[in-house]
Amino acid sequence: MLDAGLVVVSLLDVWVQAGFGPRSDSAFAVLASCALLLRRRAPLVGFVLALPAVLTSFALVAALIAVYSLAAHTRSRPLLAVCAAAFAGCYVLPWPAPRVGGIVHASDVPDLAYGLALGAAAALLGQLVQARRDLATRLAEITEVREHEQFLAAQSVLAKERAQLAREMHDVVSHQVSLIAVRAGALQVSTGDPDAKDAASTIRRLSVRTLDELRHMVSVLRASGGPPTELTPQPTLAQLHALVAGCGIEADLDVDLTGDLPAPVQRAIYRTVQEALTNARKHAPGSTARVEVRQRDGTVRTAVTNTAPTRPALPLPSASHGLIGLRQRAELLGGVLESGPTPDHGYRLSLDLPVTSP
């Protein structure tokens, strides 16, 4: 609807400035107005089609809109300078060209300056709109990154508390329950009272069962480094394709697995890929990434490599909680996390995990 409205405004400008008739200048002006329908999909083509109207008539609205649209959709400033100069040249050149005498005179310098000012103003306005759009995108990314960092910081605190709780349960509670089981067994063997023997047997049986449950809880606490509760749906490798497809950068996924992986290993791989793609989008704008997940000899290697950025990155706050959390998760599962730059100025993050978590 906006493009159609711009075409109508441009046609009104043609009607006011040149009128509609069988003349060539009217045809070029109408062509320039209709070319505005291409201003989003092919802005350069639309500008080229609108340029003859500047040369043949005073209907300038379509050409100025074309310059603005080109500036709002391209990042090539030399191209914008050439287009603004072409607009000014067509504005000052006479049409049809005189057969005798010079084409441009000294008295045309003010017109040339006016044409350059018009073209530059439209180009600068388009660049301003583009910068505002990029800034809004970057602000949204900053908000997402901060929320992600806060989440990872909270998860890091949770992981430390769980590790401390697991140590306390293993070193104190399990030890005391083991002593209870041993003393109950000794009492069961040494006593002759049937009631005492039955009570000692019950205490020993319950103590052994409690020890088994404590060992299971300790293993769960040590292996769990992510969500606050295992009752919530957890990501798996089945969701890895959707993660890569919706990461916001151009990325390829290559998965080569020979069997099913334990749930904690799948979560660790998913979170590693998620963090690496987030960092690539944050620190390397315009880069491409490749995600590889391969299983060899009882080990799963996950590698995420991104190329060098093509645009300067906006300085963003970072406390490196993401990599710290990934490294802690890898250590809990008996794996190794490595990260660092590549020779082509990109970045690589790799995670090696045993198929069976400790």
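Brief remarks follow.
- Proximal charge balance of Thr278 [Cβ under 13 Å; K/R count +1, D/E count -1]: -1
- Size-normalised alpha-carbon gyration radius of the range 237-354, reference 2.2 N^0.38 Å: 1.03
- The range 23-73-the range 325-356 distance, computed between alpha-carbon centres (Å): 53
- Cβ crowding within 10 Å averaged over residues, with 179-185, 1-7, 30-36 ranked highest first: 30-36, 179-185, 1-7
- Reference-scaled alpha-carbon Rg (2.2 N^0.38 Å with N residues) for the range 147-223: 1.61
Computed from the coordinates by the stated procedures, all read-outs in this text should not be read as laboratory data. What you see is a predicted model, and the numbers here were worked out from it, not measured in a lab. No Cβ is skipped: glycine too gets one built from the backbone with ideal geometry, and neighbour counts run over all protein chains shown.
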